[in-house]
Structure formats: structure tokens, C-alpha cells
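Everything on this sheet refers to the single structure shown next.
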Amino acid sequence: MIFDVLTLFPGMFLGPFDESIINRAKDKRLIDISLHNIRDWAADRHQTADDAPYGGGAGMVMKAEPLAACICAVKAMRPNSTVILTSPQGRRLTHRVASELSEKEGLIIVCGRYEGIDERIRTLYGEDDISLGDFVLSGGEIAAMAIVDAVTRLIPGVLGSSESAETDSFCDGLLEYPHYTRPPEFGGLAVPETLLSGNHELIRKWRRKESLRKTRAVRPDLLNGIELTREDRRMLAEIELEDASAD
Ligand code: SAH
């Protein structure tokens, strides 16, 4: 997967892509990340990349010409890549969206700044609009980092078998079960006994039930989106009884 990130602030990306899983994926040549400074494509002496909005009002708007020139130059190198705009008005980045994007050959991610980009860029070049959530960031750079990270984890071979994405939250539509590591007792709290039992079937059931409990408690909406097994339904009934008796 080839990521091309178009930004006015390439310096922001020093660091986040140079550690841990992303860095290893780059070393293994499973991904490649190129940064492109949009300002390099501004034609005037001052390399102007923004201008006042038509119609007046606060803030500045990212100019169409430098951005279009940058997108076209990158697209010429990577004709099969998909142009993604970052925007609070886009579709929400979820596990499903990340997994859909991980199937693409390459992503060209445009980071907006100020009030955003000239709308004609969206109309002419935008193939997808991605939002991190219902809040406004100062720029698309952090959104681009989140997209690169979430998509990279899902590319086959990136995660070692010990860090498999398959049990992660959202992968099977549920939140993941809680984790514990040594010591067996901490802050007066013991690790649930089942996890120390060495009985794989009991551990599997405990994890499934805790996964259901967590999802039911904090994201009940997710339960409507998946097909529950008979075992799941039984466990949910148990959880309901346990909660009722705890009240
Ligand atoms: N005026 C715009 C917000 C601009 S914020 C509006 O009200 O819709 C400036 C830039 O930050 C955007 O162009 C986008 O690239 C990025 N950005 C802000 N919030 C974001 C979010 N929730 N998800 C993804 N990108 C975001």
C-alpha cells in the first residue's frame, strides 16, 4: 500500500511514522509513505497556499491551484491510488471503512487547514471524504495519521501473529474483552481466576462474555449490527441477571 500525504505542514509527520508498527511495516516494504508539501506547488513568489473566502467572513481557504497541481502530480505517479479528503463532513472512520481502504492499491490523503479547501477541489478530485468524528481539528494532519495507522494494521503481514488484529475491538463487531498481565494482584484487585486456569475453552467463554458485557454497557448500538450466536444470547441473558442482582 502506498500512502501519499499532501500537507502544508510535513514537519508534523516527523515521528509518528518512525516508530513501532508503522516503521516496521515500512521496513518490510508492506507500506510506503511519501509526504508532499502543497506549498511547493504554489506558483507565486510568496508561495501562497490560502486566500480570503468569497462572500467574506472569518478565516482563510486553501487555494485550488496549488492543491490541484500537487494532486495531479501525485496522481500521475500513482494512477491507481484513491484521492481521500479529510473533513469533519466526511464519512466516519470506522473499522469497516479502514478495512475497505486497506484493499486499495494506494491512498492520496489531502490534509486541509484553515476553513478548509476550495470546494472545487472536492468536486474535481475528491473520491472519498473521511472524518475522525463529530469535532473539528485544526488540520487534516492528525486525521491522515489516524487513517494511515488504522489502515496499515489491517494489511496482511503488518502485525505479527502475537498482535493479531482479529481479536481487536470492532473486528467481530464487538468491543474487546479486558486484558490483564502480571502481577496476579494489584491495588487490592485480583486477576479473574479463569484467566489463570489454563483451560482454553473456559478462557474463550470468559472473554466472549466480557466482550459482550463491555459492548452492552458502553456501546449497545453495536449489538444490533451483528448476528448473535445462541451462546451469545445465553451469555447476554446471564449478564442481564447478574446486573439486576447487583443493583
Ligand atoms: N470549516 C470546516 C472545518 C475546517 S477545519 C467545517 O466547519 O467543516 C480544517 C481542516 O481540518 C479540514 O479541512 C480537515 O482537513 C481537517 N479536519 C477538521 N476536523 C476534522 C475531522 N473531524 N476529521 C477529519 N479531518 C478534520
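The values are calculated or read from the model by the stated rules, or taken from the named source; none is laboratory data. Only a predicted model underlies this, so the values are computations on that prediction, with no experimental measurement involved. Every residue, glycine as well, gets a Cβ built from its backbone with ideal geometry; the counts of neighbours run over all protein chains shown. These accessible areas exclude ligands, DNA and RNA; they are computed on the full protein's heavy atoms, side chains included. Shrake-Rupley method; radii C 1.70, N 1.55, O 1.52, S 1.80 Å.
Worth pointing out:
- Taking each residue as 0.36 nm, the span from D134 to K26 lengthens on full extension beyond its C-alpha to C-alpha distance by 35.8 nm.
- GNM top mover of I226, I117, I84 - the chain, alpha-carbon springs below 10 Å: I226
- Computed in the context of the full set of protein chains, the accessible area of the range 66-211 at 1.4 Å probe radius has 52% of its extent on carbon or sulfur.
- For D4, distant residues with modelled amide H under 5 Å away: S34, L107, I108, I109
- Annotation: amide H of D128 within the under-5 Å range of L85, sequence separation 5 or more or interchain, hydrogens built in the peptide plane.
- Excluding ligands, DNA and RNA, the accessible surface per residue across the chain is 59 Å² with a 1.4 Å probe.
- Among 232-241, 50-59, 104-113, the peptide with the highest mean count of other Cβ atoms within 10 Å heads the list, and the full ranking is 104-113, 232-241, 50-59.
- Here the 3J(HN,Hα) profile of the range 109-124, calculated from phi with Karplus coefficients 6.51, -1.76 and 1.60 at θ = phi - 60°, is 9, 9, 9, x, 9, 6, 7, x, 9, 4, 4, 5, 5, 4, 5, 7 Hz, Gly and Pro shown as x.
- Between L202 and T167, the distance separating the two model label sites (each 7 Å from Cα on the Cα→Cβ line) works out to 1.7 nm.
- Under the Karplus curve 6.51 cos²θ - 1.76 cosθ + 1.60, θ = phi - 60°, whole-Hz ³J(HN,Hα) for the range 174-190, x wherever Gly or Pro sits: 10, 7, 6, 5, x, 10, 9, 9, 4, x, x, 10, 8, x, x, 10, 8
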